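The block underneath contains the structure these notes are about, expressed in structure tokens.
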Amino acid sequence: DTEVTQTPKHLVMGMTNKKSLKCEQHMGHRAMYWYKQKAKKPPELMFVYSYEKLSINESVPSRFSPECPNSSLLNLHLHALQPEDSALYLCASSQVQIPHEQYFGPGTRLTVT
Amino acid sequence: GQSLEQPSEVTAVEGAIVQINCTYQTSGFYGLSWYQQHDGGAPTFLSYNALDGLEETGRFSSFLSRSDSYGYLLLQELQMKDSASYFCAVRDRLTGGGNKLTFGTGTQLKVEL
């Protein structure tokens, strides 16, 4: 199984809402990533988890809160977002020793109103 | 810091060969990856070069010259389904402990009949 799944596919939320994005993989990968991608732009790294511990936080605002409950799951908790946070949020996973070969999920299209 | 430059757009006809270039500036260079992303889809890993030379995978090949800080992706026997965005991505041992990929600006490939 080489699939990374993400839910929901689409999300519309107001600036005062709290929501969560979910990501799951069953490839035995112990590195998991969150990216943000705007239209016609490259993916921008937000967070990296390695062996379920946060190893990289790219100075992401605290209104984004990641969580890795176990080796298969990755969550991104959202609170008090701004309209400029509207984007495609991509989850990826890889073997820890092979971070250059990442497997991406289909993404969650987030719209903040 | 790091920077990666790619042409923004390339157009070619079906059956032709196309080369997508990537120049990078980074310290502690580890390797260069290539990813394909169709509109509305997830990035998909294509290839990785850590050493100078050409890596061939079916219709796709990737080349790296570390001394020139330059790489390219070569697509042969182009098909309509190859129309997509292509991103180079640098892995840097000084950034994120070597676990971070920084993506290039992306090249939109259009394949015409």
Looking at region A:50-64, is at least one residue in contact with a Phe, Trp or Tyr (Cβ under 9 Å, 6 or more places away or on another chain), of a type in the set (D, E, K, R) and crowded, with 17+ Cβ neighbours inside 10 Å? no
The number of residues in region B:41-60 that are within 22 Å of B:S85 (Cβ to Cβ), more than 13 Å from chain A (Cβ to nearest Cβ) and in a loop (DSSP other than H, G, I, E, B) is 2
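Let me confirm something: among A:L73, A:L110, A:L81, which residue is in contact with a helix residue (DSSP H, G or I) (Cβ under 8 Å, 6 or more places away or on another chain), more than 12 Å from every other protein chain (Cβ to nearest Cβ) and either in contact (Cβ under 8 Å) with a residue 12 or more places away in the chain or surrounded by 18 or more Cβ atoms within 10 Å (Cβ to Cβ) (or both)? Working first, answer last.
Working: A:L73 fails: in contact with a helix residue (DSSP H, G or I) (Cβ under 8 Å, 6 or more places away or on another chain); A:L81 fails: in contact with a helix residue (DSSP H, G or I) (Cβ under 8 Å, 6 or more places away or on another chain).
Just a single option satisfies the conditions, and that option is A:L110.
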Specify which of the listed residues (B:E9, B:E55) is in contact (Cβ under 8 Å) with a residue 12 or more places away in the chain and of a type in the set (D, E). B:E9
Residues that are without any contact (Cβ under 8 Å) to a residue 40 or more places away in the chain and more than 30 Å from A:Y49 (Cβ to Cβ): does region B:36-44 have at least one? no
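For region B:1-24, enumerate the residues that are hydrophobic (A, V, I, L, M, F, W, C), at pLDDT 95 or above and part of a strand (DSSP E or B).
Keep residues of region B:1-24 that are hydrophobic (A, V, I, L, M, F, W, C), which gives B:4, B:10, B:12-13, B:16-18, B:20, B:22.
Now restrict to residues that are at pLDDT 95 or above: B:10, B:12-13, B:16-18, B:20, B:22.
Selection gives B:V10, B:A12, B:V13, B:V18, B:I20, B:C22.
Tell me the residue from A:Y51, A:Y89 that is over 19 Å from B:T44 (Cα atoms), more than 10 Å from every other protein chain (Cβ to nearest Cβ) and hydroxyl-bearing (S, T, Y), please.
Details: A:Y89 fails: over 19 Å from B:T44 (Cα atoms).
Matching residue, one of A:Y51, A:Y89: A:Y51.
If you scan region B:25-34, which residues turn out to be in a loop (DSSP other than H, G, I, E, B) and either among the hydrophobic types (A, V, I, L, M, F, W, C) or in contact with a Gly (Cβ under 6 Å, 6 or more places away or on another chain) (or both)? Talk me through it step by step, then tell me what you get.
Residues of region B:25-34 in a loop (DSSP other than H, G, I, E, B): B:26-28.
Correct list: empty.
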Filtering region A:92-107 down to residues that are more than 8 Å from chain B (Cβ to nearest Cβ) and over 12 Å from the mean Cα position of the chain (by Cα), which residue is surrounded by the fewest Cβ atoms within 10 Å (Cβ to Cβ)? A:Q97
Just give me the residues in region A:56-68 being outside any loop (DSSP other than H, G, I, E, B) and touching a residue at least 12 places away in the same chain (Cβ under 8 Å), in sequence order. A:F64, A:S65, A:P66, A:C68
Is at least one residue of region B:19-41 of a type in the set (A, V, I, L, M), surrounded by 20 or more Cβ atoms within 10 Å (Cβ to Cβ), within 30 Å of A:C23 (Cβ to Cβ) and more than 12 Å from the chain's Cα centre (by Cα)? no
Name the strands (runs of 3 or more DSSP E) wholly within region B:61-113 that hold at least 3 residues that are out of contact with any His (no Cβ under 8 Å at 6 or more places or on another chain) and within 11 Å of chain A (Cβ to nearest Cβ)? B:84-92
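Restricting attention to region A:54-70, which residues are hydroxyl-bearing (S, T, Y) and at the interface with chain B (Cβ under 10 Å from one of its Cβ atoms)? Show your work before the answer.
Residues of region A:54-70 hydroxyl-bearing (S, T, Y): A:55, A:59, A:62, A:65.
Selection gives A:S55 alone.
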Among the residues of region B:42-58, write down those that are surrounded by fewer than 20 Cβ atoms within 10 Å (Cβ to Cβ) and among the small types (G, A, S). B:A50, B:G53, B:G58
Within region A:29-48, residues more than 10 Å from chain B (Cβ to nearest Cβ) and part of a strand (DSSP E or B) come out as A:M32, A:W34, A:K36, A:M46, A:F47
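The values are calculated or read from the model by the stated rules, or taken from the named source; none is laboratory data. None of these values were measured; they are calculated from a predicted model. So basically every Cβ, Gly included, is an ideal-geometry build from the backbone, and we count neighbours across all protein chains shown.
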